[in-house]
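See below for the structure under consideration.
The values are calculated or read from the model by the stated rules, or taken from the named source; none is laboratory data. Quantities reported herein were computed from a predicted structural model and do not represent experimental measurements. Note that we place each Cβ from the backbone using ideal geometry, even for glycine, and neighbour counts take in every protein chain shown. For accessibility, only protein heavy atoms count, side chains too; no ligands or nucleic acids. Shrake-Rupley method; radii C 1.70, N 1.55, O 1.52, S 1.80 Å.
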Amino acid sequence: MDLTNIFMIAMVMVAIVLAVAEVLKKTFNLNTQYMPITSVVIGIFIGLVLWPLAEYPMYVMLMAGFIAGLTASGTFDLLKAAKKEGEQ
């Protein structure tokens with residue numbers, strides 16, 4: 001098992017984490033300062049949900065979910081910064 005597999009799984013999960021985080025943000029009117037931790041928690045949860053469907057051990061799926069959550073929160077911050085710059 002190498003890091004390539006973990007990153008490939010995380011890459012697929014990033015889109016799911018972004019979508020779920022955005023839905024939760026709009027539904028529960030979450031403050032944007034809580035979005036990074038929310039994305040990480042969602043990523044770990046999705047890793048657990050997808051674990052029975054994968055051929056990898058649980059710790060690999062948890063790490064992939066963690067990485068996907070961190071990536072999704074970074075993407076969220078980039079989009080937020082780009083939106084602010086476009087308004088000025």
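Points worth noting:
- Average Cα contact separation per residue, the chain, under 8 Å, 6 or more apart, as relative contact order %: 36 percent
- Gaussian network model of the chain, springs between alpha carbon atoms under 10 Å - residue of LEU30, LEU62, LEU70 with greatest fluctuation: LEU30
- Averaged per residue, the chain has 67 square angstrom of accessible surface, using a 1.4 angstrom probe with ligands and nucleic acids left out.
- Considering only VAL40, ILE6, LEU24, the residue lying farthest towards the positive end of the dipole of the chain is LEU24, judged by Cα position with unit charges set on Cβ.
- In this rough spin-label picture, where each label sits 7 Å from Cα along the Cβ direction, the LYS83-THR27 distance is 1.8 nm.
- Reported label for calculated Cα Rg over 2.2 N^0.38 Å given (1) 1.20; (2) 1.00; (3) 1.15: (3)
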